[in-house]
Every structure is written in C-alpha cells, then in structure tokens.
1. With springs connecting C-alpha atoms under 10 Å apart, model chain A as a Gaussian network and identify which of A:69, A:23, A:146 has the largest mean-square fluctuation.
2. With respect to the symmetry axis carrying chain A onto chain B, which residue of chain A exhibits the smallest Cβ distance to that axis, and what is the value in whole Å?
3. State, in angstrom, two size descriptors of the stretch A:2-167 derived from its alpha carbons: Rg to one decimal place and Dmax to the nearest whole number.
4. Counting only other residues whose beta carbon sits under 15 Å from that of residue B:142, what net charge do I get with K and R as +1, D and E as -1?
5. What does the helix-only formula give at 222 nm for chain A: each DSSP H stretch with n ≥ 4 adding -39500 (n - 2.57), the total divided by the residues, and the result rounded to the nearest 500 deg cm²/dmol?
6. First select every other residue whose beta carbon is under 12 angstrom from the beta carbon of residue B:45; then total the charges, Lys and Arg +1, Asp and Glu -1.
7. Measure up A:67/B:107; A:51/A:88; A:58/B:40; A:163/B:67 against 31 Å on the Cα-Cα distance and list the ones that go over.
8. Any chance you could check the Cα centroid distance between the stretch B:80-96 and the stretch B:133-170 for me, in angstrom?
Number of protein chains: 2
Amino acid sequence: MITVLRIGHRIHRDKRITTHVALVARAFGADQILIDTLDKKLEESIIRTCKYFGGNFKIKTGINPKKTLKEWKGKIAHLTMYGEKLEKSIKKIDEKSKLLIVIGAEKVPAYIYDIADYNVSIGNQPHSEVAALAIFLDRYTDAKWLNKKFNGKIQIQPSNKGKNVLTIEK
Amino acid sequence: MITVLRIGHRIHRDKRITTHVALVARAFGADQILIDTLDKKLEESIIRTCKYFGGNFKIKTGINPKKTLKEWKGKIAHLTMYGEKLEKSIKKIDEKSKLLIVIGAEKVPAYIYDIADYNVSIGNQPHSEVAALAIFLDRYTDAKWLNKKFNGKIQIQPSNKGKNVLTIEK
C-alpha cells in the first residue's frame, strides 16, 4: 500500500505540476494521493483519467497534512534534495509497512524532516518533485510499474510508429 | 552528447512544467536543452541554477524545431505514451551517435513520429513529460547521473536529517 502526500499545493500556481504528480503517482504504482489544499477540479481531472485508463487509484484533497503525518500507521519517506542518497535510503525502507511518500512544493516546513523516517534525495541537484517521485517509485517497485495492468476502457498498444489505441466497451 | 528538444512550449501555461523539464535535463545528465518558443525568463532562471549549482548545461529558446530535426546529425528519440516499450527501445539506441530527445507538451505534430528514429514509451499510461524524461535519462545513462559531479558554488551533502549545504568561494 503506497500513499503519496502532496503538501503546499497552491491551486493556481501548482495546477499543472500537482496534476503531473498525481498522474505519476497513479502510473508508477501508488494506490492513492492526498493533497493538502481542497481542489475539486484537480480531483475531477484525475478521476476522469482513472475512468478511461483504469485502475483503482484514489485522490483526496483538502486534508490536514500535520494530522495525517502524526496519525500515520506505517513509514514516512520525504523526498528532498537535502536527503540521504537514494541508493542507501531505499535499502533501509521497511517494505512490510504501509508507506507514505511526502512531496513538497517549494520549501516544506521543518517538522517534515523530523517526522519522516527517511529523508531521501533523488540526486542532490535541484530538479523536480515530479521526477523525484517517478524515480523513487521506480526503485521502490523494482520497475514493476512498467508492466502494471490497469484494464481501462482505453488501452494503448506500444508501437514504434504511429498510435495504436484499443477502446474496450464495458 | 545528449540534447533535449522541448516543443509546444507556451510561456504562460507551461512555465513551471518546462522549467522542470529543463532542470531534469540538466540534473539527469543531458548537455543542453532547445525550446521552440522564445522565453528569456526561462533562460535566465536555468542559467542562474547553473551559476550556483555548477555544470556546463546550455539552454537556447526560440529555435525552429522542424529545421533542428531535419538537420540533426545523429539519432532522434521521441518520448510518447504511444511509443515502443522502454526496455525494448533503449537497447536499440545507437550510443555512439549524438542523441536528440524530443519532448512535447500536449499533442505533438504527426511528423515528429515519422522523423524520430525511436518513438519510446515510458509506460503506456498518461503521466508527465517531466517523469518520462527522468526515467529515459536514468536508463540511458545507466543511472550514472546520480553520481555526476557538478562542482558548483553550492554543494548539498546528503543527510538523513536536516540540511547540510556547502558554499564554496571561487
């Protein structure tokens, strides 16, 4: 069970980035995403993707991050450029526990570093929380996300030229 | 030599996503990024990152993508959810050639699929061009980007708690 917690979401500024974070969470094998700021449009957009492309991914916005973190029964991994090296950190993560992956937008409050069991860096250069989440989930799932079946109404068939799309009536 | 070509960049709408694409290109081992739409602010922001965090990454905006693609001396890999499976595609890529990686924003013109030597899918689910570029470069560099030295004025030391930043006078 993998949950992503996105904190510091600002509806206008982060609209597209948080959408990418949520789509990456879904495509790379997470089960749900929790977002601090209430954002119904974002919820609808992700629910629409699930409706057509399948899977059981869940989204909830307008949650209290401090409460969620304090009451979390499982492990917490915070992705940050200041964290411990990915290769080292990933080995320490208890895979039998429910995992909460915390992703900030810009600066995150200091308590996040303390409450996290693992502060993980995906490289120590500035880049993107979208990329950080993708690489973390790729390593955590041993790249199994690449072959995950979503059984959606729309299924894309890999092809070196053109577009090959299966539309399944259900 | 790895170049990223970002097409369909719209200054207002894609400001943050294209910035993330450029930062990922730099952090994950590409040498330069070319962006179709002229965007001086974006150029300045990436140059500022290079100034502090190091490396020789180059950015150029306002380039003609069709001309760039037609005159490219090397191989072209287009990242798309419709493409061939990553695991299969990556093995075919000629590593001795200069590589141009094409990343669209929303729908890309049909000629891109034809001109590309490789249309590569990073999973066949909708997610993010930022994540797609990160995973592609991760595989293409055999994860060597994680240990790339940038020798910047600011160097972050990995740490499981808190922030450990070295500032080097040059």
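1. A:146
2. Looking at chain A's Cβ atoms against the axis toward B, the nearest is A:130, 2.
3. For the stretch A:2-167, the Cα radius of gyration and maximum Cα-Cα distance read 16.0, 49 Å.
4. In short, 0.
5. Rounded to the nearest 500, it is -10500 deg cm²/dmol.
6. Values: positive: B:15, B:16, B:26, B:40, B:41, B:48, B:51; negative: B:39, B:43, B:44.
Computed value for this residue: +4.
7. Long pairs (Cα-Cα over 31 Å): A:67/B:107; A:51/A:88; A:58/B:40.
8. A separation of 26 Å, based on Cα centres.
Values in this text are rule-based calculations from the coordinates and carry no lab data. None of these values were measured; they are calculated from a predicted model. Reconstructed Cβ throughout: ideal geometry from the backbone, glycine too, with neighbour counts over all protein chains shown.
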